[in-house]
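Undergrad: The structure under discussion is supplied below as structure tokens; questions concerning it will follow.
No lab work stands behind these numbers, since they all come straight from the coordinates. Since the model is a prediction, treat every value here as computed from it, not as a measurement. Reconstructed Cβ throughout: ideal geometry from the backbone, glycine too, with neighbour counts over all protein chains shown.
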Amino acid sequence: MAAVKTIATTPFSGQKPGTSGLRKKVKVFAQPNYLENFVQAVFDSIGGESGGQIAGKTLVLGGDGRYHNRTAIQTILKMAAANGFARVMVGRGGILSTPAASCVIRKYKTFGGIILSASHNPGGPDEDFGIKYNIPAGGPAPEAITEAIYARSLVIDSYKTLEAADVDLDTLGTRALGGMEVQVFDPVADYAELMESLFDFSAIRAAFAGGLRMKFDAMHAVTGPYATEILERRLGAAAGTVMNGTPLEDFGHGHPDPNLVHAHDLVEALTGKDAPDFGAASDGDGDRNMILGRDFYVTPSDSLAVLAANATLCPGYAKGLKGIARSMPTSAAPDRVAAKLGIPAWETPTGWKFFGTLLDAGKATFCGEESFGTGSDHVREKDGLWAVLAWLNVLAARRQSVADIVTAHWTEYGRNVYSRHDYEGIDSAAAEGLMEHLRGLSLKGRKLGAYTVAFNDDFAYTDPVDGSVSKKQGIRVVFEDGSRVVFRLSGTGTEGATLRVYIERYEPDASKHHLDPQVALADLIKIARDLAEIKARTGRTEPTVIT
Ligand code: G1P
Ligand code: ZN
């Protein structure tokens, strides 16, 4: 009989609650008791008085397949058994995309789940690992819970585990671990079924049969098996539609972030007159997406707006949307669609967790972020393949090219010309100083180039459902014509600080919609750099990444 052991440990400085759980190098996670301390802090926080809440409950567990995933799963399974869970549902091979985890947590009404991922960050022995707890509603834990986990991690003095052999993760079925049941399940099936309930699979199948060609870049990360099953097997896309479809522990030495820089295989495949009609990519854990047409890039902000405008073409949304939510730095393109549809447009701080209350309360159906995140109320995470299927549904229904659909959208609504400039790895003190400097500016009424400042502030948000207040969520400088520049420091980086500058201008004139955003926004880009004194304060003359 496996014995429960209580092991003495010392507190660790886990991580201040952020947007993404605990994210560190593998070498940090592999230190004795490090992962164990965090997991016990989670169990103590959600378990209530002497862990009583956990008794009889089910937990979902899985990850994006990166290096250390299987080791961490064995550790967590033994700790879950020792802490009194009745059952843990683990994706076969330890695989579970973030949106699929959210789907399974909701479908089987479990006591939340643990997701192992460092999202779009590289994997391997010298790279990143991560862990987060998602609540029973399926979404990331809200601040009250992450604060409690953090506080617990600072005082923790022991954890519970089971002395037992490792569990077979590769064969479907149920097996015992001490007094707990481990159910190894198919990580794709429930998720694929949910997608089939939302989108017109027969129309998409007909489009593929009729010659629609696409490429999906899984970037050697978790969406490979999902995309192969859904796109190639269920929807009949040509074999080879899914590129880099085998999850690898180091993502094939890649950086599994679906953007124009890192998804270069895909960008190349979609370039030229013989390129496929449609291209898409997803990140390490399957929650981000990038959408491309032939020689055409769709910004995430425009993607959300276009999908919202065409939502009723998808069976799951045929009755229309209740509202559209976007993060503050995301362009206002979705707001224009909401206005036309006569539904609310919500503006939340950066981070998917802020959408949860709006989705739960039925105030929003679609939501999205400029950082390649799009999703709906079907789960409580952003969902890469969901966005891809939504686009396929729209393409199948409208029988137009991606470029034609987006340019027609701009003609109808005007274009919110948009770009994000990232300055990565800058000195943290310089970054803080730059933000303090911006916070101190009073710009109302000032003329900057051709623009007059309407107001500037540090974005604060009161959740319309639970009343919670979040302050200091990004500096906005908004001009009288609605143009704006926004400044934030990244909360997810691992080295130094990353300054993000978001630049947006509304262009109603269709004859100018074809212009490169870097050209169309040049004057605002200069205004933003000057205002923030970027060169003087960081030594940088150009951003490291432009999206
Ligand atoms: C970034 C994105 C943000 C997203 C988060 C988690 O956070 O900007 O929209 O929610 O990753 O995927 P940041 O590094 O900007 O804090
Ligand atoms: Zn991700």
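Undergrad: Would you work out which of Cys314, Val417, Leu341 lies farthest towards the positive end of the dipole of the chain? Charges go on Cβ: Lys and Arg +1, Asp and Glu -1.
TA: With unit charges placed on the Cβ atoms, the residue in question is Leu341.
Undergrad: Determine, for segment 262-406, the count of lysine pairs separated by eight or more sequence positions (or lying on different chains) whose alpha-carbon distance falls under 17 Å.
TA: 8
Undergrad: Another question about this same structure. Starting from the 7 Å offset along Cα-to-Cβ, what nm value, one decimal, do you get for the label separation of Lys340 and Gln74?
TA: Output for this residue pair reads 5.6 nm.
Undergrad: From the phi angles alone, apply the Karplus equation (6.51, -1.76, 1.60; θ = phi - 60°) to segment 95-108 and give each ³J(HN,Hα) in whole Hz, x where the residue is Gly or Pro.
TA: These are the phi-based 3J(HN,Hα) values: 8, 6, 6, 4, x, 5, 4, 4, 4, 5, 4, 6, 4, 9 Hz.
Undergrad: Follow-up question, since we're still on this one. Given labels modelled 7 Å from the Cα in the Cβ direction, how far is it in nm from Asp250 to Lys16?
TA: 3.4 nm
Undergrad: What does the charge dipole of segment 362-519 about its Cα centre add up to, to the nearest 20 debye, if the Cβ of each Lys and Arg holds +1 and the Cβ of each Asp and Glu holds -1? Before the final figure, lay out each step's value.
TA: Values: 19 positive and 23 negative charges, 76 e Å.
So the magnitude is around 360 debye.
Undergrad: Please give the helix 522-532 orientation as an angle from the longest Cα principal axis of the chain, in degrees from 0 to 90, rounded to the nearest 10.
TA: Approximately 60 degrees, to the nearest ten.
Undergrad: Taking the Cα centre of segment 276-376 as the origin, how large is its charge dipole in debye, to the nearest 20, when only Lys and Arg (+1) and Asp and Glu (-1) carry charge on their Cβ atoms?
TA: On the way: 9 positive and 11 negative charges, 91 e Å.
My answer is approximately 440 debye.
Undergrad: Now a separate question. For the chain, give the magnitude of the charge dipole about the Cα centre (Cβ charges: +1 Lys/Arg, -1 Asp/Glu; no others), in debye to the nearest 20. Mind showing how you got there, number by number?
TA: On the way: 57 positive and 65 negative charges, 167 e Å.
Charge dipole of the chain: 800 debye, to the nearest 20.
Undergrad: Hey, for a label at Thr411 modelled as a point 7 Å past Cα toward Cβ, could you say which residues of segment 503-517 have their backbone N under 16 Å away?
TA: Within reach of a label on Thr411, which here means backbone N under 16 Å from a point 7 Å along Cα→Cβ, segment 503-517 contributes 508-515.
Undergrad: Obtain the nm distance between the two label points defined at His264 and Ala318 by a simple spin-label model: each point lies 7 Å from its Cα along the Cα-to-C-beta direction.
TA: So the two model labels end up 4.6 nm from each other.
Undergrad: When we measure straight from the Cα of Lys27, which lysines land under 24 angstrom away, once same-chain ones fewer than 8 places off are left out?
TA: Lys16, Lys78, Lys132, Lys160
Undergrad: If r is the Cβ-Cβ distance from Ala206 to Glu181 and R0 is 35 Å, what FRET efficiency results, to the nearest 0.05?
TA: Working: r = 43 Å, r/R0 = 1.22.
About 0.25, to the nearest 0.05.
Undergrad: Take every DSSP beta bridge whose two residues both sit in the chain, then give the antiparallel share in percent to the nearest 5. Let's see the in-between values first.
TA: Values: 64 of 91 bridges.
Around 70 percent of the beta bridges assigned by DSSP in the chain are antiparallel ones.
Undergrad: May I ask for the angle, rounded to the nearest 10°, between helix 69-82 and the longest principal axis of the chain, with both axes built from Cα atoms and the value confined to 0 to 90°?
TA: With both axes taken from Cα atoms, the answer is about 50 degrees.
Undergrad: OK, next. Sort the following peptides by mean Cβ neighbour count (other Cβ atoms within 10 Å, averaged over residues), highest first: 407-417, 89-99. Could you put the intermediate results ahead of the total?
TA: Details: 407-417: 19.0, 89-99: 25.9.
Ranked by mean Cβ neighbours within 10 Å, highest first: 89-99, 407-417.
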